[in-house]
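What follows is one structure encoded as C-alpha cells, with my remarks underneath.
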Amino acid sequence: MPEAVQVKAQAGLPITGSLSLLSDYRFRGISQTWGAAAVQGGVELALPRGFYLGTSLTNVSTHSYGRGEGLENDIYGGWRGDVAPGWQLDAGLLHYRYPGARLATPDGGSKRFDTTEAYLGATHGGFNIKWSLALTPYFGLRESTAGSAFATALAPAGSSRGSQYLDLNYQHPLGGWATLGVHGGYTLVRNYGEVSYADWRVSLAKTWGVWTASAAWVGTSADARYYSAANSEGRLRSLGRSGLVLGLSAGF
C-alpha cells in the first residue's frame with residue numbers, strides 16, 4: 001500500500017491526501033516496480049465518529065503483475081480514535097486491486113492477484129504496531145496458482161487465505177531537523193512457509209510545510225528464488241534485495 005503523507009485539511013473539508021514520487025515502490029520490503037520509480041497519490045475522507053474511507057493509486061511493474069495495466073488501486077475504510085490516554089487504535093479493511101493482472105492456472109485459465117485484508121493497529125507516542133490478516137488468497141496464491149505465483153514454482157498446498165503480516169515501527173525526532181524511522185516486519189504466508197520472510201527499514205525524513213523528503217535503506221530475508229521477476233528480454237531481477245529508496249511527497 002502506498003505510504004501517504006497527510007496534513008490537516010482546511011476547515012470544513014474533511015479530506016486529506018498526498019502525491020508522492022519514489023525511486024522504488026517497496027511493499028513489505030519487496031519492489032513492486034522492478035526497481036524503477038513510482039508515482040503515487042491518495043485521498044482520504046473523514047467521516048463522523050472516527051470512521052474514514054480512502055483510496056490510493058500507484059504504478060507497479062507488469063514484470064511482476066502479468067497481463068495487467070501496471071496499476072495498483074487500494075481501497076480501504078475503517079475507524080481510528082483514542083481508546084486510552086496516549087493510545088490510538090486503528091481498525092479496518094483494505095482491498096488491493098490490480099486491474100487486468102492475472103496468474104495462470106494449469107487448466108489454461110487464470111486468477112486475479114486482488115487481495116482483501118483486515119487490519120488492527122495501535123499507536124503510542126512514536127511507537128506503532130499493526131497486524132494484517134488476509135481474508136482472501138494472499139495476492140492470488142492458492143492451489144491452482146502455486147506454479148505461477150512466484151519466480152520458482154511452489155508445490156500446491158492449498159489456499160494462502162489467512163496469511164498474516166506484523167508491522168512494527170518507531171519514529172524519533174532528531175533535534176527538530178529530521179525524523180528517524182525504524183521498521184521491522186514479518187510476512188507469514190499460510191501453507192507456503194518457503195515464501196515467508198522478514199523485512200526492515202531505517203529512514204530519515206525532513207518535513208517543511210506540505211513537503212516531506214525521505215531516504216530509507218530497505219532490506220528483506222526473502223528468498224530470491226521466489227521473489228524475482230524477469231523482463232521481456234529474460235533479464236531476472238531480485239525484488240527483495242537491500243537498497244536505498246528516496247522519496248518526495250506533498251500533502252494536502
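The values are calculated or read from the model by the stated rules, or taken from the named source; none is laboratory data. Predicted model only: the values in this text are computed from it and were never measured. Glycine also receives a Cβ, built like all others from the backbone with ideal geometry; neighbour counts cover every protein chain displayed. Quick note on the areas: whole protein, heavy atoms, side chains included, nothing else; ligands and nucleic acids left out. Shrake-Rupley method; radii C 1.70, N 1.55, O 1.52, S 1.80 Å.
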Do you know which residues across region 163-176 are crowded, with 17+ Cβ neighbours inside 10 Å and not in a strand (DSSP E or B)?
163
Based on this model, can you work out whether residue 105 counts as touching a helix residue (DSSP H, G or I) at 6+ places or on another chain (Cβ under 9 Å) and of a type in the set (Val, Ile, Thr)?
yes
Odd one out for residue 213, checked against (1) touching a residue at least 12 places away in the same chain (Cβ under 8 Å); (2) open to solvent by 30 Å² or more (accessible area, probe 1.4 Å); (3) closer than 25 Å to residue 135 by Cα
(3)
Considering only region 177-195, how many residues are surrounded by fewer than 17 Cβ atoms within 10 Å (Cβ to Cβ) and in a loop (DSSP other than H, G, I, E, B)?
1
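Within the group 70, 100, which residue is on the phi > 0 side of the Ramachandran plot and either open to solvent by less than 20 Å² (accessible area, probe 1.4 Å) or within 15 Å of the chain's Cα centre (by Cα) (or both)? Walk me through it before giving the result.
On the way: 100 fails: either open to solvent by less than 20 Å² (accessible area, probe 1.4 Å) or within 15 Å of the chain's Cα centre (by Cα) (or both).
That would be 70, the only listed residue that is on the phi > 0 side of the Ramachandran plot and either open to solvent by less than 20 Å² (accessible area, probe 1.4 Å) or within 15 Å of the chain's Cα centre (by Cα) (or both).
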Being assigned to a strand (DSSP E or B), open to solvent by 30 Å² or more (accessible area, probe 1.4 Å), touching a His at 6+ places or on another chain (Cβ under 6 Å) and not aliphatic (A, V, I, L, M), is that true of even one residue in region 106-119?
yes
Qualifying positions in region 196-210 - exposed (fewer than 15 other Cβ atoms within 10 Å of the Cβ) and not small (Gly, Ala, Ser)
202, 206, 208, 210
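On the basis of being over 16 Å from the mean Cα position of the chain (by Cα), surrounded by fewer than 19 Cβ atoms within 10 Å (Cβ to Cβ) and either closer than 25 Å to residue 235 by Cβ or modelled with pLDDT of 95 or more (or both), does residue 14 make the cut? Even if it seems obvious, please write down each step before you answer.
Working: over 16 Å from the mean Cα position of the chain (by Cα): yes; surrounded by fewer than 19 Cβ atoms within 10 Å (Cβ to Cβ): yes; either closer than 25 Å to residue 235 by Cβ or modelled with pLDDT of 95 or more (or both): no.
Taking the combined requirement at face value, the residue does not satisfy it.
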Checked pairs for region 130-143, first closer than 23 Å to residue 155 by Cα and open to solvent by less than 20 Å² (accessible area, probe 1.4 Å), second in a strand (DSSP E or B) and among the charged types (D, E, K, R), C-beta under 8 Å and 6 or more apart or across chains, list as 134/117; 140/111; 140/112
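If you scan region 216-233, which residues turn out to be farther than 10 Å from residue 63 by Cα and either assigned to a loop (DSSP other than H, G, I, E, B) or open to solvent by less than 60 Å² (accessible area, probe 1.4 Å) (or both)?
First, the residues of region 216-233 that are farther than 10 Å from residue 63 by Cα: 216-227, 233.
If the condition is that a residue be farther than 10 Å from residue 63 by Cα and either assigned to a loop (DSSP other than H, G, I, E, B) or open to solvent by less than 60 Å² (accessible area, probe 1.4 Å) (or both), then 216, 218, 219, 220, 221, 222, 223, 224, 225, 226, 227, 233 are the ones that fit.
Quick one: which residue in 83, 43 is farther than 22 Å from residue 252 by Cβ and in a strand (DSSP E or B)?
Sole residue among the options that is farther than 22 Å from residue 252 by Cβ and in a strand (DSSP E or B): 83.
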Over region 236-252, the set of residues at pLDDT 95 or above and part of a loop (DSSP other than H, G, I, E, B) is 239, 240, 241, 242
Return yes when residue 160 is within 24 Å of residue 200 (Cα to Cα), part of a strand (DSSP E or B) and open to solvent by less than 40 Å² (accessible area, probe 1.4 Å) and no when it is not.
no
